[in-house]
Amino acid sequence: MKSYPKNIAVIGGGSWGTAITKMLIEHKQQPNSTIENLDWWVRSEETASYIKTYKHNPKYISSVEINSDIVNVSSNIKDVIAKAEILVFAVPSAFLKEALNEISIEDFKGKYIVSAIKGLLPHSRQIVADFFQTEFQVPHENLMVISGPCHAEEVASEKLSYLTIAGLNKGITTYFASLLACRYIRTIISADITGTEYGAVLKNIYAVASGICHGIGYGDNFQAVLISNAIREMESFLYKIHAHPREINHSAYLGDLLVTSYSQHSRNRTFGNMIGKGYSIKNAQLEMNMIAEGYYATKSMYELNEQKLHIEMPIAKAVYNIIYKNHSAKTEIEELCNKLV
């Protein structure tokens, strides 16, 4: 294999950032590892010090052991970015712009950017790849996207999982995929950056819908119909936004939708379930103490569709009406039932 970048950094100290760091530590521990330096940025110095001392993340999937002899943990984002050649971003989309306040176009020059963020930036309704292109002039061929189905909790317990890595530069995409692959992670290569990113955003909205329906009291039979309609809704959207020759039944699309809609680990399903049971939005968010990307994505995708695409998206619209227009969840889902096939 030709020489590829050997200095890698993960940006984000949440569950997914912790899981990705675990995968990269696995690679760096191998005798033939190509990683020379592995850095991990977390927001607070207190968290960084805790991880260095106690070898695990105090707030997220704390069962994961972090070998601080292998990964350098830091709260100085400018230093971490300066050292890295490949940067993996795993911060909530709503806070990405804020996290990069001190970072300039020059700081990203010549670097490869990998998005593990499954959401839109609320202020601009951009997917992460587009944000890095427009805000930091990162070339499209230097961008990659990680998509599922893959919950951080199952990575922590080393259950076999599959990841799709999308990128236009096949060489660097294949190389980066090899850094994540290990005995419990299989990787797949794709060229559909836009489709996998938007698919990851949409599946969070549909998982909120799934949770709402479960909270109201709908059963498994209805959930199967709901998700069958959701994948068709996703396919229509993805074709309109980017007509790539994708296979919608691929694990990056249907697989990620299924696991996010059904899994006990899904924070978007959990958030929706609480709404269906009658929680207010604020109380659901406070009790979860984690970010449900579907909350932010619902408003951004609704506005994007209304202003530009004009696609029939009854499930996404129902979630928007419940979350942002305070419609009765029970009434809204009853009306949605008449539109499903």
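Quick notes on this structure:
- Of all residues in segment 195-218, none are outside any helix (DSSP H, G or I) and touching a His at 6+ places or on another chain (Cβ under 7 Å).
- Tallying residues that are over 16 Å from ARG246 (Cβ atoms), in a loop (DSSP other than H, G, I, E, B) and touching a helix residue (DSSP H, G or I) at 6+ places or on another chain (Cβ under 6 Å) within segment 157-193 yields 1.
- Considering segment 303-316, the residues that are surrounded by 21 or more Cβ atoms within 10 Å (Cβ to Cβ) and either hydroxyl-bearing (Ser, Thr, Tyr) or farther than 17 Å from HIS242 by Cα (or both) include one that is nearest to the chain's Cα centre (by Cα), namely ALA316.
- Residues that are modelled with pLDDT of 95 or more and either surrounded by fewer than 20 Cβ atoms within 10 Å (Cβ to Cβ) or more than 19 Å from LYS330 (Cα to Cα) (or both) do occur in segment 271-278.
- Residue match in segment 20-27 (condition: touching a Phe, Trp or Tyr at 6+ places or on another chain (Cβ under 7 Å), surrounded by 14 or more Cβ atoms within 10 Å (Cβ to Cβ), in a helix (DSSP H, G or I) and at pLDDT 95 or above): yes
The values are calculated or read from the model by the stated rules, or taken from the named source; none is laboratory data. Just so we're clear, the structure is a prediction, and the values are computed from it rather than from any experiment. When we count neighbours, we look across all protein chains shown, and the Cβ atoms used for this are built from the backbone with ideal geometry, even at glycine.
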